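The values are calculated or read from the model by the stated rules, or taken from the named source; none is laboratory data. None of the values given here were measured: they were computed from a predicted structure. Virtual Cβ from ideal backbone geometry, glycine too; neighbours counted across all protein chains shown. Please note that ligands, DNA and RNA were not included when accessible areas were found on the heavy atoms of the full protein model with its side chains. Shrake-Rupley method; radii C 1.70, N 1.55, O 1.52, S 1.80 Å.
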Amino acid sequence: MRLSLKHLLPIKVMLHLLAILPFCYLLFTVLSERAGGDPVQYIIHYTGMGALNALVAVLLVSPIAKRFKLGVLMQTRRLLGLYVFGYASLHIFSFLSLDLLFEWQLLASEIVKRPYILVGASGYLILVLLAVTSFNRIRRKMGRSWQNLHNSIYLLALLAPIHFYWSVKSEVIEPSIYLGIFICLLIVRFKSAKLVKKTNVASKKVKVV
């Protein structure tokens, strides 16, 4: 099936629904008191998983679009990226408000005791920069430096699963799976970038000849 611009709106509507429904489920679970014995940790974990899943979706867009020649999908990356930022912001806010109760003096000691917080904060800083510079007007003003900044999503793709893996105490199967998924996606992206580079070099040689 060929996708065109007329399909973009229904695709975006579907993606909005897929991204919002988990949040609605979280609200239902918490308000109906079905969040388990530790609702605070449930909320923090759930929103963190939402950010991870949205990040996986962002990194899947390019390989799928290129493999099946669905170029219109590339226009959904900003939408998905902003949902990564949204869920990550909820994750951070839940930790600061529900766990630390905005006791800012505890934050430094928590970072010392739990260094994975610093890894997560570094990833969130990258997300903030990506979200702020994702709009077309800013993109045009930044020129070539915009692409260099947005390539930092690949660093984020390492920091996020490492933060998840490091944060768990015993159950490492799930974070290990996510770490493997992100590594595979980065390998695919790296191979794709090398192929594009070789193609460009070959085309330049042909033109010279």
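On full extension, the segment bounded by F93 and S32 gains 19.8 nm, given 0.36 nm per residue less the C-alpha separation.
What a 1.4 Å probe finds exposed on the stretch 5-201 is 70% carbon and sulfur by accessible area, rounded to a whole percent. Each label was represented as a point 7 Å from its Cα along the Cα-to-Cβ direction; for F102 and L155 these points are 3.1 nm apart.
Between S167 and R144, the FRET efficiency from the beta-carbon distance, with R0 = 25 Å, is close to 0.10.
With all protein chains kept in place, the per residue accessible area of the chain amounts to 66 square angstrom at a probe of 1.4 angstrom. Using only alpha carbons, the chain has a radius of gyration to Kirkwood radius ratio (Rg to Rh) of 1.02. Membrane-span-like helices in the chain, defined here as complete DSSP H runs extending at least 27 Å along the helix axis by their C-alpha atoms with mean Kyte-Doolittle hydropathy no lower than 1.6, are 8-31; this is a sequence and geometry rule, not a statement about a membrane. Full extension of the segment from F135 to I20, taken as 0.36 nm per residue of separation minus the current Cα-Cα distance, would add 39.3 nm. Modelled spin-label separation between Q41 and Y116, with each label point placed 7 Å from Cα along the Cα-to-Cβ direction: 1.1 nm.
In this structure, the pairs whose alpha-carbon distance is over 22 Å, taken from K6/K66; K69/K141; K6/K141, are K69/K141; K6/K141.
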